[in-house]
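Shown next, in structure tokens, is the structure this report addresses.
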Amino acid sequence: MKLVFAGTPEVAVPALDALIASDRHEVAAVVTRPDAPAGRGRRLVASPVAERAEEAGIEVLRPARPRDEDFLARLREIAPDCCPVVAYGALLPKETLAVPARGWVNLHFSLLPAWRGAAPVQHSIMAGDEVTGASTFLIEEGLDSGPVYGVLTEEVRPTDTSGDLLTRLAFAGAGLLVATMDGIEDGTLHAVPQPADGITLAPKITVENARIDWSAPALRVDRVVRGCTPAPGAWTLFRGERLKLIQAVPVLDRADLAPGELSAAKNNVYVGTGSHAVELLWVQPQGKKPMRAADWARGVRIVHGELLGS
């Protein structure tokens, strides 16, 4: 088939690479979000998908909105058979969905209908799921509600951050997306409506969602830290400034600290929760680079009974 691929962040690049490598399909163009300011100089930077497409000599379309007439005219001119999508980052209106003969097919990183929305992997980890996966589905106007072509499953490991899990799903999902394109092309694959039961939503994780509640149990604290790593980053307050928590592990045999209470030894930093303590392993003070929690604690000279979060 002739394809127009839509995607923006790094997590979409493995799928683009897999489609480019396929000997059954032609990636005629790529649709991505417009260049965005980044870094201290706030200069405009192309998306990872745009950079990869340009390296491969593929035309890149950067509509401000996917309903823009210039973009729609070019899309109709290319006349794709199908448009595979991975983390494009914008809603597709009816007139855009109608262009490819076989529709727009999204690779979504959950087992639909679970975790429909922008942050399925983060929510899966924060909810304590033991298994998640990826699904390919035909995009409708509803939020991730279209019929499903294929799925794969992936174990959520006890130490997984959202970054770890998303990386695995991106590479496994790339194969699923190519197989879905193959099945659509040869007529062996047909989309099945999602069940009405089991729908959960996964909206974007806000900075406030990532703030640690030290009155919650240690397992909840662990899940929030892992689910919000690398973005937006779990955090708490220390002496009025934000402290980012990069890695923390529950300590099941210590329950002598009040919620948020700090206890620092030579090589360990513990914090009380609503159940047992967690040990901080890596943190990032405001305006500084990530560091080992024990090094941070020595530098700030924690006072006995001092609290995080206040």
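Taking the Cα centre of region 129-203 as origin, work out the dipole magnitude from +1 charges on Lys and Arg Cβ and -1 charges on Asp and Glu Cβ, in debye rounded to 20.
Using Cβ point charges on Lys, Arg, Asp and Glu, region 129-203 gives about 100 debye.
Please compute, for the alpha-carbon atoms of region 78-140, the extent along each of the three principal axes and give them in descending order in Å.
Extents along the principal axes: 43, 17, 16 Å.
Counting only DSSP beta bridges with both residues in the chain, what percent are antiparallel, rounded to the nearest 5?
Just about 70 percent of them are antiparallel.
So if the hydrodynamic radius of region 22-116 is defined as the Kirkwood radius over C-alpha pairs, what does Stokes-Einstein give as its diffusion coefficient at 4 °C and 1.567 mPa s, in µm² per second?
It diffuses with D of about 88 µm²/s by this estimate.
Ratio to report: Rg/Rh of region 77-222, with Cα atoms as the point set and Rh obtained by the Kirkwood method; give two decimals.
1.01
How long is the gain from Ala64 to Ala255 if the chain were fully straight, where each residue apart is worth 0.36 nm and the alpha carbon distance is subtracted?
Separation in residues times 0.36 nm, less the Cα-Cα distance, equals 63.5 nm.
In the chain, once you exclude exposed GluC sites (Glu not before Pro) (DSSP loop, at most 11 other Cβ within 10 angstrom), what's the longest stretch remaining?
1-129
Can you pull the Kirkwood radius for region 216-310, inverse mean 1/r over Cα pairs, to one decimal in Å?
13.0
Over region 156-199, consider all pairs of different Cα atoms and compute the Kirkwood hydrodynamic radius from their mean reciprocal separation; express it in Å, one decimal.
Final number for the Kirkwood radius of region 156-199 is 12.9 Å.
Kindly state, to the nearest 0.05, the FRET efficiency for Arg43 paired with Ser215, given R0 = 41 Å and r defined as their beta-carbon distance.
0.45
Between region 198-267 and region 1-35, what is the separation of their alpha carbon centroids in Å?
About 36 Å separates the Cα centre of region 198-267 from the one of region 1-35.
I need to check one value: relative contact order of the chain, counting alpha carbon pairs closer than 8 Å and at least 6 residues apart, in percent.
Relative CO of the chain lands at 13 percent.
If you roll a 1.4 Å probe over the chain with all protein chains in place, what percent of the accessible area is carbon or sulfur?
52
Please compute the net charge surrounding Thr96, taking Lys and Arg as +1 and Asp and Glu as -1 over other residues with Cβ under 13 Å from its Cβ.
That works out to -1.
Against the longest principal axis of the chain, how steep is helix 69-78, in degrees 0 to 90 to the nearest 10, with axes from Cα atoms?
Once rounded, one gets 60 degrees.
If each residue of separation counts as 0.36 nm, what is the full-extension length gain between Ala73 and Gln286 once their alpha-carbon separation is subtracted?
Contour length minus the Cα-Cα distance gives 72.0 nm.
State the Kirkwood hydrodynamic radius of the chain in Å, one decimal place, computed from all pairs of distinct Cα atoms.
Result for the chain stands at 21.2 Å.
The values are calculated or read from the model by the stated rules, or taken from the named source; none is laboratory data. Keep in mind that this is a model prediction, so the values were computed, not measured. No Cβ is skipped: glycine too gets one built from the backbone with ideal geometry, and neighbour counts run over all protein chains shown. For the accessible areas, the whole protein counts, side chains as well, though only heavy atoms, and no ligand, DNA or RNA atoms are used. Shrake-Rupley method; radii C 1.70, N 1.55, O 1.52, S 1.80 Å.
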